[in-house]
There are 2 protein chains.
Amino acid sequence: MAAPRTISLDAMGGDHGPAIVVPGAALALERHPNVQFLLFGNEARIAPCLADYPALAERSRIIHTDIVVEMQDKPSQAVRRGRGSSMWLSIEAVQKGEADFAVSAGNTGALMAMAKLVLKTMPGIERPAIAGQWPTIARPSIVLDLGANIGATARQLADFAMMGAAMARAIFHIERPRVGLLNIGVEEIKGIEEVRQAHAWLKENDLPFTYHGFVEGDQIGQGVVDVVVVEGYAGNIALKTAEGTAKQMATYVREALTSSFAARIGALLARGGLLALKERMDPRRLNGGPFLGLNGIAIKSHGGTDAFGFSKAIEVGYNMAESDILARLAADLEALHGKLGKAQQVQE
Amino acid sequence: MAAPRTISLDAMGGDHGPAIVVPGAALALERHPNVQFLLFGNEARIAPCLADYPALAERSRIIHTDIVVEMQDKPSQAVRRGRGSSMWLSIEAVQKGEADFAVSAGNTGALMAMAKLVLKTMPGIERPAIAGQWPTIARPSIVLDLGANIGATARQLADFAMMGAAMARAIFHIERPRVGLLNIGVEEIKGIEEVRQAHAWLKENDLPFTYHGFVEGDQIGQGVVDVVVVEGYAGNIALKTAEGTAKQMATYVREALTSSFAARIGALLARGGLLALKERMDPRRLNGGPFLGLNGIAIKSHGGTDAFGFSKAIEVGYNMAESDILARLAADLEALHGKLGKAQQVQE
């Protein structure tokens with residue numbers, strides 16, 4: 001039987017606050033009946049939502065705070081003024097050992113800054129990364145960094161590879177994930193110096209994953225690897241570009257299937273397949289991106305998601321906690337840094 | 001009446017060589033009956049293809065060479081061993097003033113290296129860029145740099161903005177194109193230093209285009225601007241990621257519309273709309289990416305395209321030559337560099 005996890009939720013985060021966080025928690029509870037919840041935020045707003053879910057209410061505790069981080073707050077503002085906010089407290093519960101992981105649908109920059117400040121980076125880790133699940137024609141892949149930082153040294157890229165592999169192990173249950181480095185294919189130029197150096201290290205060293213080598217942008221969606229590693233600027237641009245392209249294609253398909261009376265009838269006949277298509281393209285299924293490299297599990301949910309999507313973000317944290325990701329990752333990172341340290345000494 | 005342009009073609013480039021280059025030229029000739037062609041490559045392979053197109057044969061001259069740049073050649077190899085190749089000679093014809101522009105479907109890296117060596121960069125330009133046409137839900141946009149170089153200084157980004165605007169003017173006939181800088185939206189971090197500096201310059205100066213400000217990856221496909229400026233590493237990753245996502249969506253749609261007998265009938269009824277969809281997603285329509293910033297027009301065609309696609313790459317070069325892009329761009333760049341020079345002096 002699974003351990004009785006405690007889950008810390010920023011009930012005020014995102015576009016809808018408790019209206020989606022509470023029913024999202026209720027869905028998660030159906031899947032994992034012995035978890036319990038700490039709900040941080042405005043009690044007057046949370047309690048009425050909770051009243052609709054008696055089973056959840058029994059396993060939840062509301063911790064009231066008036067302070068809320070707004071979606072438009074800058075990270076530095078949020079960190080200065082947001083101590084004691086629902087976001088801050090939800091992360092602090094993880095740091096204090098009162099919860100196994102935290103989930104927030106709030107402001108990404110603020111959440112990242114707070115998570116870093118409260119949970120601190122793991123030993124030997126210079127920078128955390130935001131990871132996300134990327135839909136592919138095969139099973140989903142993990143892509144990181146999606147924008148926690150701009151630029152990355154070779155060593156940071158190697159760390160990201162290790163963190164991404166740990167996440168794939170935790171949420172997809174793949175013992176030896178295939179990891180690729182995102183690069184560009186203009187022959188000789190072959191990517192930036194840092195990417196080439198990371199490539200050399202990952203190729204040479206015995207690691208707890210299968211290093212696949214370089215992948216290009218068009219291979220992400222083909223599911224060529226389980227984990228795609230990239231620095232945060234290009235990673236964020238890739239993510240947004242893929243989202244934009246998917247939306248654009250959806251517009252085209254919709255227009256094609258409503259372009260005439262016959263097309264409308266056709267779409268009606270094909271509705272089974274089209275519903276399956278809609279489900280495959282549903283971004284809620286893959287909601288939930290953890291900050292990796294911290295001494296605790298903090299999950300960012302999409303701000304505009306609904307209860308189903310929020311429950312999926314909880315599921316990511318749950319699987320990470322169940323897999324005991326942090327202990328294993330800490331050991332793996334220590335081993336990696338030992339090897340890279342030696343490699344650097346040999347080079348000098 | 002349009003000037004009688006002379007077009008220089010690398011007849012051996014790409015996956016199919018003369019088999020697509022020659023019929024591609026024939027299609028271009030139908031559109032522009034008074035152009036003439038210089039076809040560089042193996043006469044024994046070109047002549048039989050040309051025999052099928054008497055009208056084209058009359059307006060073409062084959063310049064024989066045995067030397068061919070292979071798709072897998074490295075740029076440095078190509079430049080060393082490829083002098084006198086069909087690719088080299090086709091560009092040299094532009095440099096010598098014998099042709100108005102060159103088109104090649106060959107190896108991108110080699111073509112770029114040769115074009116830079118033979119045509120040289122324009123006064124004040126440090127780096128050329130590869131530009132491409134990006135399909136959007138509105139009219140296509142131009143995106144650059146797609147991978148000519150990795151990284152870009154603020155000044156190089158400002159140059160790219162000017163070059164992209166010139167191309168939009170030439171091929172879309174928009175007198176004041178809207179230009180955006182690709183960036184990421186994680187609040188405070190807001191992109192790299194170079195991008196912020198370029199943003200400040202483009203905002204402050206009076207330029208021959210409308211500077212829109214930052215755009216994010218998901219806005220490219222929405223056609224928010226006519227020109228998207230980005231350094232080549234992230235630009236190439238964005239392009240490849242969009243291509244991959246489009247392919248992935250196409251797979252989903254195909255599977256949805258063949259998932260059952262009813263779906264197949266539905267697809268048949270909707271075939272008008274679906275054909276229009278296929279046409280919208282047809283990458284051949286937007287084939288042809290120029291190297292910008294050189295003293296001459298050289299167009300890269302996709303290596304795997306067909307005759308129709310190749311004719312579209314010729315069309316890009318034709319429109320650029322017709323618009324007298326180089327003279328206007330040289331003047332615009334001189335004015336820009338004057339302003340930026342002053343701005344830098346004021347800052348110091």
ask   = To the nearest 500 deg cm²/dmol, what mean residue ellipticity at 222 nm is calculated for chain B from DSSP H runs of n ≥ 4 alone, each contributing -39,500 (n - 2.57), summed and divided by the residues?
value = -16000 deg cm²/dmol
remark   = Per the C-alpha gyration tensor (a ≥ b ≥ c, the square roots of its eigenvalues), the stretch A:92-185 is rounded if a/c is under 1.5, else prolate if a/b beats b/c, else oblate; here it's prolate
query = Once all Cα-Cα distances of the stretch B:126-285 are split into 10 Å bins that start at 0, what whole-number percent is in each one?
reply = 10, 36, 28, 14, 9, 2, 0
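Would you mind ranking A:Val79, A:Val229 by Cβ crowding within 10 Å, fewest neighbours first? Each step should come with its number before you reach the end.
Values: A:Val79 19, A:Val229 33.
The fewest-first ordering by Cβ neighbours comes to A:Val79, A:Val229.
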message = Which of the three applies to chain A, rounded, prolate or oblate, going by the alpha-carbon gyration tensor with a ≥ b ≥ c and a/c under 1.5 meaning rounded?
response = oblate
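Please report the antiparallel percentage of the DSSP beta bridges confined to the protein assembly as shown, to the nearest 5.
Working: 20 of 76 bridges.
Restricted to the protein assembly as shown, the bridges split so that about 25 percent are antiparallel.
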ask   = DSSP beta bridges in chain A, what fraction antiparallel, as a percent rounded to 5?
value = 25
key: chain B: relative contact order as a whole-number percent, Cα under 8 Å and 6+ apart   = 22
inquiry  = I need the phi-derived Karplus couplings for the stretch B:313-328: 6.51 cos²θ - 1.76 cosθ + 1.60, θ = phi - 60°, integer Hz, Gly and Pro marked x.
reply    = 5, 4, 4, 4, x, 4, 5, 5, 5, 4, 7, 6, 4, 5, 5, 4
Links that overshoot a 32 Å alpha carbon limit, given the list A:Lys342/B:Lys240; A:Lys203/A:Lys240; A:Lys300/B:Lys300; A:Lys203/B:Lys74; A:Lys116/A:Lys203; A:Lys278/B:Lys74 = A:Lys342/B:Lys240; A:Lys300/B:Lys300; A:Lys278/B:Lys74
task = Would you work out the relative contact order for the stretch B:126-285, in percent, from Cα pairs under 8 angstrom that are 6 or more residues apart?
result = 28
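Give the percent of DSSP beta bridges with both residues in the stretch B:126-285 that are antiparallel, rounded to the nearest 5.
Values: 4 of 15 bridges.
Percentage antiparallel, nearest 5: 25.
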Compactness of the stretch A:278-338, expressed as Rg and Dmax over alpha-carbon positions, Å = 14.1, 47
note = Note: the stretch A:1-90, point scatterers on Cα, Debye, no solvent; log10 I/I(0) at q = 0.12, 0.13, 0.15 Å⁻¹ equals -0.36, -0.42, -0.54
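Can you put A:Leu29, B:Leu181 in order of Cβ neighbours within 10 angstrom, beginning with the fewest? Please list the in-between numbers first.
Values: A:Leu29 22, B:Leu181 26.
Lowest count first: A:Leu29, B:Leu181.
Could you work out the relative contact order of the stretch B:1-109, using alpha carbon pairs under 8 angstrom and six or more residues apart, expressed as a whole percent? Can you show the working numbers first?
Working: 195 pairs, mean separation 41.5, N = 109.
Dividing the mean separation by the residue count of the stretch B:1-109 yields 38 percent.
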ask   = So what's the net charge close to A:Ala327: Lys and Arg +1, Asp and Glu -1, counting the other residues with Cβ under 15 Å from its Cβ?
value = -3
query = HN-Hα J couplings of the stretch A:40-49 from phi, Karplus 6.51/-1.76/1.60, θ = phi - 60°, integer Hz, Gly and Pro as x?
reply = 9, x, 6, 4, 5, 8, 6, 4, x, 5
remark   = Once Lys and Arg are counted +1 and Asp and Glu -1 for all other residues with Cβ under 11 Å from that of B:Ala152, the total becomes -3
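Give me the net charge of A:Tyr252's neighbourhood, meaning all other residues with Cβ under 13 Å from the Cβ of A:Tyr252; Lys, Arg count +1, Asp, Glu -1. Please list the in-between numbers first.
Working: positive: A:Lys247, A:Arg254, B:Lys278, B:Arg280; negative: A:Glu255, B:Glu279, B:Asp282.
Around A:Tyr252, the surrounding residues sum to +1.
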remark   = Across A:217-227, the residue-averaged tally of Cβ atoms belonging to other chains within 10 Å stands at 4
ask   = the protein assembly as shown: D in µm²/s via Stokes-Einstein (Kirkwood Rh, Cα pairs, 10 °C, 1.306 mPa s)?
value = 58
note = Ranked on Cβ counts within 10 Å of their own Cβ, fewest leading, A:Glu175, B:Glu255 go A:Glu175, B:Glu255
key: Amide H within-cut-off set for B:Ala298, under 5 Å, with H built and near neighbours excluded   = B:Ala102, B:Phe291
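Read the figures in this text as sums done on the coordinates, not as results from a lab. Only a predicted model underlies this, so the values are computations on that prediction, with no experimental measurement involved. Don't worry about glycine lacking a Cβ; one is built from the backbone with ideal geometry, like all the others, and counts go over all protein chains shown.
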